[in-house]
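Structure first, commentary second.
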Amino acid sequence: MRSPIPDYLDEILDKHRPDRSGANADYIPALASADPEKLAIAISTLDGVEYTSGDSEFAFSIQSMSKPFVYGMALERLGLPAVLDTVGVEPTGEAFNELSLDKASGKPLNPMINAGAIAVHALLGPRGASAAERAEIVRAGLSEFAGRDLRIDASVAESERAGAYRNVAIANMLRSYDIVADDPDEAVNGYIDQCSILVTVADLALMAATLAGGGINPRTGHRVLSPRVNRQVLGVMMTCGMYDVAGDWMTEVGVPAKSGVSGGVFGVLPGQVGIAAYSPRLDGHGSSVRGTRIFRTLSDDMGLHIMEAPEPARSIIRRDRRFVDEDGEMVRICSLQGLIQWSGAENVLRTMDAPESSTTVFILDLRRVYSINDVARRLFTEALARMEGDGVRVMLMDPENLLACAGPDSPLPGLERIDSLRHLKGLKRIRNAVAAPIR
């Protein structure tokens, strides 16, 4: 069977292709001369599968879409407290190139505006590092996100430098507040090189999928960001990534996203997918007209809004069986299923703690569970330990070692593990009860 997804992406591009509103960025000659008819979309899954349509192999400069990734790189190198001393995390409600700082601290309000991005760029490398040295750090780091070697387009960089007066003014303002410690011209030159790195929509979708996957690149399997840093990056993207329309974007589209004046926009749906679109004509906020409308269509059609809660599982508890064995023992087998997070674990614990659950043998069956998050894992481990402390014989069927609580360093080193109910000893009634496969 041929997947319908590529055909669906073709249909989306055909739907938005006639829209010729907006205009190329005119203050950077290299962007002003870009072909306004270019149009592309890419989707990258968390297991490395990519779907593309349109001009997906066309390379364009990453521009402001580099900001979230470089912010993550700075957090990894310096730690959250050090970066927060330089750049805040509050939305501005202003344009991306506004000359604004926090009135109390003198810091840029967030790393998604130019003032914050220049300050973050200047944090990379040792004190006194040149623009070329910092640009190479960024290029190598963005290549890790893209899963391939990216390059700086020197012609785009030179084109930007010719009219970088506003960014120079921002950098000098940052230097006057000691936010940038080195030569402000070097900071701007390095930042321009950062924005001039070439990517395709397929690159951006994979980079977005890296953020969606908790910082692990789906193609290479390399961890690029730690989970805590990855969460920080996504949080700032959600509130600040789309500048002065961030509120409208999150309420209408609901996908943490970042745009760039080259015409690209990428979005991240945590735990699910990375998406990117490209079309050079921009709206009044500096974002791609057709790109943002593509995202609205995808959000509506595919239910991608981050606040659109999925329908809860009908039951985490697949089967809950109780009976008395031939020796008079009250046996309980609790079989779970699906993805278990805090709410599901709480439901299971509440059931285990019910007054009528006076049990002498408790068997937790996780054979149909495919994921347990850290909170649920801690809740289950503590609950099983307390059951053992109350004198209950506890057994675990966990072939994927999801609880990881039966090793020598675990809270339950002596926990009995069984592969099948047929392997139980001393519980003849159970063996007879499950002679047929459990369904």
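The values are calculated or read from the model by the stated rules, or taken from the named source; none is laboratory data. Since we're looking at a predicted model, the values are computed, not measured. Here the Cβ is made from the backbone with ideal geometry for all residues, glycine too, and neighbour counts use every protein chain on show. For the accessible areas, the whole protein counts, side chains as well, though only heavy atoms, and no ligand, DNA or RNA atoms are used. Shrake-Rupley method; radii C 1.70, N 1.55, O 1.52, S 1.80 Å.
Whether a residue is at pLDDT below 95, surrounded by 13 or more Cβ atoms within 10 Å (Cβ to Cβ) and not small (Gly, Ala, Ser) was assessed, and TYR27 passes this test.
Only a single item in (1) modelled with pLDDT under 95; (2) open to solvent by 40 Å² or more (accessible area, probe 1.4 Å); (3) within 22 Å of the chain's Cα centre (by Cα) is not met by LEU78, and it is number (1).
In summary, helices (runs of 4 or more DSSP H) completely within region 3-106 and bearing 1 or more residues that are within 18 Å of ASN167 (Cβ to Cβ) and assigned by the TED database to the domain that holds GLY213 occur at 29-32, 67-78. Would region 261-274 turn up any residue that is open to solvent by 10 Å² or more (accessible area, probe 1.4 Å), over 21 Å from the mean Cα position of the chain (by Cα) and of a type in the set (A, V, I, L, M, F, W, C)? Yes, some residue in region 261-274 is open to solvent by 10 Å² or more (accessible area, probe 1.4 Å), over 21 Å from the mean Cα position of the chain (by Cα) and of a type in the set (A, V, I, L, M, F, W, C).
To keep it simple, each residue is scored yes or no on (1) touching a Phe, Trp or Tyr at 6+ places or on another chain (Cβ under 7 Å); (2) hydrophobic (A, V, I, L, M, F, W, C); (3) in contact (Cβ under 8 Å) with a residue 24 or more places away in the chain; (4) closer than 18 Å to ALA42 by Cβ.
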| residue | (1), (2), (3), (4) |
| --- | --- |
| GLY264 | yes, no, yes, yes |
| ARG281 | no, no, yes, no |
| GLY286 | yes, no, yes, no |
| ARG332 | yes, no, yes, no |
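Taking the criterion of being closer than 30 Å to VAL180 by Cα and loosely packed, with under 14 Cβ neighbours inside 10 Å, would at least one residue in region 6-19 satisfy it? No, that holds for no residue. Residues that are in contact with a Gly (Cβ under 6 Å, 6 or more places away or on another chain) and not in a helix (DSSP H, G or I) within region 111-146 comprise just one, MET112. Does LEU150 count as in contact with a Ser or Thr (Cβ under 7 Å, 6 or more places away or on another chain), open to solvent by 10 Å² or more (accessible area, probe 1.4 Å) and assigned by the TED database to the domain that holds ALA40? Answer is no for this residue.
Contact map, region 374-398: first residue closer than 10 Å to LEU415 by Cβ, second residue among the hydroxyl-bearing types (Ser, Thr, Tyr) and in a helix (DSSP H, G or I), Cβ cut-off under 8 Å, separation 6 or more or different chains; the map is empty. For region 82-108, a residue qualifies if it is open to solvent by 40 Å² or more (accessible area, probe 1.4 Å) and in contact with a Pro (Cβ under 9 Å, 6 or more places away or on another chain), and the qualifying residues are VAL89, ASP102. Filtering GLY284, GLY247 for residues that are surrounded by fewer than 17 Cβ atoms within 10 Å (Cβ to Cβ), touching a Pro at 6+ places or on another chain (Cβ under 9 Å) and not in a strand (DSSP E or B) leaves a single hit, GLY247. Within region 131-145, if we keep just the residues that are over 22 Å from the mean Cα position of the chain (by Cα) and open to solvent by 40 Å² or more (accessible area, probe 1.4 Å), the residue that is nearest to ASP203 (Cα to Cα) turns out to be GLU136. Mind telling me which of the residues LEU211, LEU206 ends up being out of contact with any Asp or Glu (no Cβ under 9 Å at 6 or more places or on another chain), under 28 Å from SER53 (Cβ atoms) and open to solvent by less than 10 Å² (accessible area, probe 1.4 Å)? On inspection, the qualifying residue turns out to be LEU211. Give ASN189, ASN172 a once-over and let me know the one that is polar (S, T, N, Q), surrounded by fewer than 19 Cβ atoms within 10 Å (Cβ to Cβ), assigned by the TED database to the domain that holds LEU99 and closer than 25 Å to ASP26 by Cβ. Testing whether each residue is polar (S, T, N, Q), surrounded by fewer than 19 Cβ atoms within 10 Å (Cβ to Cβ), assigned by the TED database to the domain that holds LEU99 and closer than 25 Å to ASP26 by Cβ leaves just ASN172.
So that you can scan it fast, the table gives a plain yes or no per residue for (1) of a type outside the set (A, V, I, L, M, F, W, C); (2) within 29 Å of SER279 (Cα to Cα); (3) touching a residue at least 24 places away in the same chain (Cβ under 8 Å):
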| position | (1), (2), (3) |
| --- | --- |
| MET65 | no, yes, yes |
| ALA74 | no, no, yes |
| VAL87 | no, no, yes |
| ALA104 | no, no, no |
